[in-house]
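Colleague: I'd like to ask some things about the structure below.
The values are calculated or read from the model by the stated rules, or taken from the named source; none is laboratory data. No experiment lies behind these values; they were computed from the predicted model shown. Quick reminder, even Gly has a Cβ in these numbers, built from the backbone with ideal geometry, and neighbours come from all protein chains shown.
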Amino acid sequence: MDWINSVQRAVDYIENHLCDPTDYEKLAKEACSSVFHFQRVFSIVCGYTVGDYIRMRRLSMAGSELASGDKRVIDIAFKYGYNSPESFSRAFTKFHGISPSQVKHGKSEVKSFSPLSLKLILKGGNIVNYRIEKTDSFQFICKKLKVPSGTEINSDTISLFWKECDNDGTISGLVKYMPENSYFGKCISGATFGTDISDSSYAIGVCYNGEKITDSHLTVEIIPPHTYIVFPCVGKMPEAFSEFYHKIYSDFAGDYKPSSGTDFEVYPSADVKNDNYKCEIWIAAEKK
């Protein structure tokens, strides 16, 4: 899918601004995505977070400059975004296995972490089942995960939010707002909002039946009409979920590409540790 090219544009931007403060909103715009969605898909496709990638690239470049030039450690530290030589030295030693001063004196070798180059590799023999769903505008009642601008996001962010919503009764409380018939049936859904909803990034909720809301922490979002590619996912969560997301974004070939709409994960039950657990991934899409 075109997400590979979108992430590559963001990677290219990182490389051209490696010494600048990290601007997650700008990176997401390069990838034509929301900040939350971009960071999430980046970590799935690439295997590490955006923040980890930037840190490793900066420390790699810092090691190269220290080994080949006459610049002072303090100048290199400030150049690559560290507030003090001490914090830089700790991060540098953890990454390279040696201190900056040892590199300056030529006593050891440094590690190299090369820039990412994302390519879609033809593997053959992979079958990805999917269907196309076209939705009208609908209401989605949910509890939002507030993610401050500039916050680094990883898989633990979402896992902890689901645990919080389970423990505080949010998930069980959402059941009374489920309509008899909806696009997602009698399922709890995770929503990764696109650029059409700007005040949050992720939420847990259900299609809304219009009942009076008695829970102050819940809000109702209007989801615009859209086209979705719907993928069935089978296996124990979250391992199967991450593996399948990677497969979608790296292997799927079709007439559609991801768009900036809201994506959904549709969960029929809480039996997520079952090896045969079945859920669905709804990817907002548009014709290529």
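Colleague: Filter segment 136-165 down to the residues that are over 16 Å from Gln39 (Cα atoms) and in contact (Cβ under 8 Å) with a residue 24 or more places away in the chain and list them by number.
Modeller: Across segment 136-165, the qualifying residues are Asp136, Ser137, Phe138, Gln139, Phe140, Ile141, Cys142, Lys143, Lys144, Phe161, Trp162, Cys165.
Colleague: Go over the candidates Gly47, Gly63 one by one and state the one that is outside the structural domain of Asp156 (by TED's automatic domain parsing) and on the phi > 0 side of the Ramachandran plot.
Modeller: Going through Gly47, Gly63 in turn, just one is outside the structural domain of Asp156 (by TED's automatic domain parsing) and on the phi > 0 side of the Ramachandran plot: Gly47.
Colleague: While we're looking at this one, here's another question. Name the single residue that is surrounded by the fewest Cβ atoms within 10 Å (Cβ to Cβ) among those in segment 66-96 being at negative phi and outside any helix (DSSP H, G or I).
Modeller: Asp70
Colleague: Let me ask something additional. Could you tell me whether Ser137 is more than 28 Å from Pro232 (Cβ to Cβ) and modelled with pLDDT of 90 or more?
Modeller: Spelling it out, it is not the case that Ser137 is more than 28 Å from Pro232 (Cβ to Cβ) and modelled with pLDDT of 90 or more.
Colleague: Scanning segment 104-114 for residues that are modelled with pLDDT of 90 or more and of a type outside the set (Gly, Ala, Ser), which turns out surrounded by the most Cβ atoms within 10 Å (Cβ to Cβ)?
Modeller: Phe113
Colleague: Take Ser34 and decide whether it is of a type in the set (Gly, Ala, Ser) and surrounded by 21 or more Cβ atoms within 10 Å (Cβ to Cβ).
Modeller: yes
Colleague: Ok, one more. Which of the numbered conditions does Gly47 fail, given that it passes all the others? Conditions: (1) small (Gly, Ala, Ser); (2) farther than 25 Å from Ala191 by Cα; (3) surrounded by fewer than 16 Cβ atoms within 10 Å (Cβ to Cβ).
Modeller: Every condition holds for Gly47 apart from (2).
Colleague: Restricting to helices (runs of 4 or more DSSP H) lying wholly in segment 1-47: which have 2 or more residues that are of a type in the set (D, E, K, R) and within 16 Å of Thr151 (Cβ to Cβ)?
Modeller: Of the helices (runs of 4 or more DSSP H) lying wholly inside segment 1-47, those with at least 2 residues that are of a type in the set (D, E, K, R) and within 16 Å of Thr151 (Cβ to Cβ) span 24-30.
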